[in-house]
Amino acid sequence: MTGKYAWWRGAQPEEAALPANGRQRRPAHRAVRALAVVAAFVGTVLFSAVLARLTLEPSAASAALVHSNVRPGHSISAYLNGPSTTEAVRQLGGNVLLGLPFGVLLPVLLPTARGLLRVAAVMVCLMTLVELTQGALVTGRVFDIDDVILNTAGALLGYLLIGRRLGRAVHPRRSHWWHRWTRRGSAN
């Protein structure tokens, strides 16, 4: 019994690379995987509505800000050196928490976006787009590169804590073309 899905029927083809514990892990049942993807989609839509409410509405607190920040670390150091520790925690922690759900949901919705670098790249692009939109269209909001950095850090944290495992549970690992070469070399 060889072939692409031989492991599903219980056979272990010679080419199949086994994890360190010697057992190949089977993916979740199709219904469970479909339910997880639907739940992640609903979660993403709900979170996007919250994100839009938080970032795309005018803010009375930031109405005095008229300059964008394109220097990485400038806003972060301003908050850390500011008089209010509570405000610093609220701003910095809030931006990290805002990115957290993306790191959890992204690997479930887009299996090709799994991986630390891919999650970071998608988040940098997405949050730069959000920051540019709010800076251009919303009165009292400006572009801040530190928000992009903090949101991306939150997404990476979410990916490392939950998203990686959840993505692997819903979408099994694929066998890439280059795995054929590594398996042949290790079998000899």
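The values are calculated or read from the model by the stated rules, or taken from the named source; none is laboratory data. Since this is a predicted model, take the numbers as computed values, not measurements. Here the Cβ is made from the backbone with ideal geometry for all residues, glycine too, and neighbour counts use every protein chain on show. Just the protein is used for accessible areas: all its heavy atoms, side chains included, with ligands, DNA and RNA removed. Shrake-Rupley method; radii C 1.70, N 1.55, O 1.52, S 1.80 Å.
With respect to the numbered conditions (1) surrounded by 11 or more Cβ atoms within 10 Å (Cβ to Cβ); (2) out of contact with any Gly (no Cβ under 6 Å at 6 or more places or on another chain); (3) modelled with pLDDT of 80 or more, which one is the sole condition not fulfilled by LEU117?
Unmet for LEU117, out of (1) surrounded by 11 or more Cβ atoms within 10 Å (Cβ to Cβ); (2) out of contact with any Gly (no Cβ under 6 Å at 6 or more places or on another chain); (3) modelled with pLDDT of 80 or more: (1).
Give me the residue from the stretch 68-98 that is open to solvent by 40 Å² or more (accessible area, probe 1.4 Å) and assigned to a loop (DSSP other than H, G, I, E, B) and, out of that set, nearest to ALA49 (Cα to Cα).
Taking the candidates together, the pick is SER68.
Search the stretch 40-54 for residues that are within 24 Å of ARG141 (Cα to Cα) and pair each with any residue that is open to solvent by less than 40 Å² (accessible area, probe 1.4 Å) and assigned to a helix (DSSP H, G or I) when their beta-carbon atoms are under 8 Å apart and the residues are at least 6 apart or on different chains.
Going by the 8 Å Cβ cut-off, the qualifying pairs are THR44/PRO101; THR44/LEU105; PHE47/PRO101; PHE47/PHE102; PHE47/LEU105; LEU51/LEU98; LEU51/VAL130; LEU54/LEU98.
Filtering the stretch 127-143 down to residues that are outside any loop (DSSP other than H, G, I, E, B), out of contact with any Phe, Trp or Tyr (no Cβ under 7 Å at 6 or more places or on another chain) and open to solvent by 50 Å² or more (accessible area, probe 1.4 Å), which residue is nearest to GLY158 (Cα to Cα)? Full working, then the answer.
Step one: of the stretch 127-143, the residues outside any loop (DSSP other than H, G, I, E, B) are 127-137.
From what's left, out of contact with any Phe, Trp or Tyr (no Cβ under 7 Å at 6 or more places or on another chain): 127-130, 133-134, 136-137.
From what's left, open to solvent by 50 Å² or more (accessible area, probe 1.4 Å): 129, 136-137.
Numbers: LEU129: 20, ALA136: 29, LEU137: 29 Å.
Looking at the filtered set, the residue picked out is LEU129.
Any residue in the stretch 156-174 that is over 30 Å from ALA31 (Cβ atoms) and of a type in the set (Gly, Ala, Ser)?
No - not one qualifying residue is present in the stretch 156-174.
Quick check, is THR86 more than 19 Å from VAL42 (Cβ to Cβ), more than 26 Å from the chain's Cα centre (by Cα), at pLDDT below 90 and of a type in the set (Ser, Thr, Tyr)?
yes
So LEU35 passes all but one of these: (1) more than 16 Å from GLY154 (Cα to Cα); (2) modelled with pLDDT of 60 or more; (3) over 21 Å from the mean Cα position of the chain (by Cα). Which condition number does it fail?
(3)
Could you tell me which residue of the stretch 99-113 is farthest from ARG53 (Cα to Cα), considering only residues that are surrounded by fewer than 20 Cβ atoms within 10 Å (Cβ to Cβ) and of a type outside the set (S, T, N, Q)?
First, the residues of the stretch 99-113 that are surrounded by fewer than 20 Cβ atoms within 10 Å (Cβ to Cβ): 109-113.
Within this subset, residues satisfying the condition of being of a type outside the set (S, T, N, Q) are 109-111, 113.
On the way: LEU109: 22, LEU110: 24, PRO111: 28, ALA113: 26 Å.
Ranking the candidates gives PRO111 first.
Can you name the number of the only condition in (1) more than 15 Å from the chain's Cα centre (by Cα); (2) touching a residue at least 12 places away in the same chain (Cβ under 8 Å); (3) buried (at least 16 other Cβ atoms within 10 Å of the Cβ) that LEU150 fails?
(1)
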